[in-house]
Structures are given as C-alpha cells and as structure tokens.
Amino acid sequence: ADNLIVLRVPTVYFYKSKSTEVYNFNFTGEGRAYGIREGRVFELRWRRPSPESMPTLTFLTGAPYPLKPGNVWFEVLTDASSQQIHGSTWRFEFELPESMPVPTPTPKKRSP
C-alpha cells in the first residue's frame, strides 16, 4: 500500500456468551492514529463526528494529513492494543478489552 493508516478505536464488549464474543468498535468521535509511508511514521488524530461522516486525519497540530497518491490500507486496533517503539522500529499488537459489561439481555419477540 502507498499509505498505511493505523486507527486506534475505543472498543467494548457488546455481547458475550459461552460461545460468542461480539465487540463494539466506536468509530465516532476522535482518537489516535498513525500514518506510515515511505519508511516514516506520523502520529495523527482521526475525527468522525457522526456515523454518517467521513473520517478525517490530522497531524497533532491540527493540520490535515495529506495522503500520498495511490492506495490506502486501514488497520483498525482497539484502544487497548499495545504499541512499542525501539529505535526506528514500531510494533503494534492487537489486544481485546478485558472488562466485561453487564450481560446483554436476549431480545424478546414482539407481539403483532
């Protein structure tokens, strides 16, 4: 990809049972992001005011982050995911949130 964008998105359990785990990735509001291209990493912010909005990327100063012409790959991580920097090497590791919400009630059938 000509542009790699790593988005860190707030994530919580939506539903969990003995056989199923469903997560809610809250991709509205704002959060941390990273732009990676041509061997460089740029710390960014993503913003998306509503589910109908297109996300925007800015530098930490608020200036728009220009994408290089070409294709873009988005990698979505939870905000619980870890990040390590060793010299010029950056490592992101996907991790799920540990906290459990109150169990989700089973939907009831509606009467006509």
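The values are calculated or read from the model by the stated rules, or taken from the named source; none is laboratory data. What you are looking at is a predicted structure, and each value in this text was computed from that prediction instead of being measured. As a convention, Cβ positions derive from the backbone with ideal geometry for all residues, glycine included, and neighbour counts pool all protein chains shown. Just the protein is used for accessible areas: all its heavy atoms, side chains included, with ligands, DNA and RNA removed. Shrake-Rupley method; radii C 1.70, N 1.55, O 1.52, S 1.80 Å.
Only residues that are open to solvent by 90 Å² or more (accessible area, probe 1.4 Å) and closer than 30 Å to Glu98 by Cα were counted across the range 65-83, and they come to 2.
Among the residues of the range 39-59, those identified as surrounded by 10 or more Cβ atoms within 10 Å (Cβ to Cβ) and assigned to a strand (DSSP E or B) are Val41, Phe42, Glu43, Leu44, Arg45, Trp46, Arg47, Arg48, Thr56, Leu57, Thr58, Phe59. Before we move on, is Val102 modelled with pLDDT of 80 or more and not aromatic (Phe, Trp, Tyr)? It is false that Val102 is modelled with pLDDT of 80 or more and not aromatic (Phe, Trp, Tyr). Of the candidates Gly87, Gly62, the single residue that is open to solvent by less than 70 Å² (accessible area, probe 1.4 Å), more than 17 Å from the chain's Cα centre (by Cα) and of a type outside the set (D, E, K, R) is Gly62.
Checking each residue in the range 18-38 for being exposed (fewer than 15 other Cβ atoms within 10 Å of the Cβ), in a loop (DSSP other than H, G, I, E, B) and in contact (Cβ under 8 Å) with a residue 12 or more places away in the chain picks out Asn26, Glu38.
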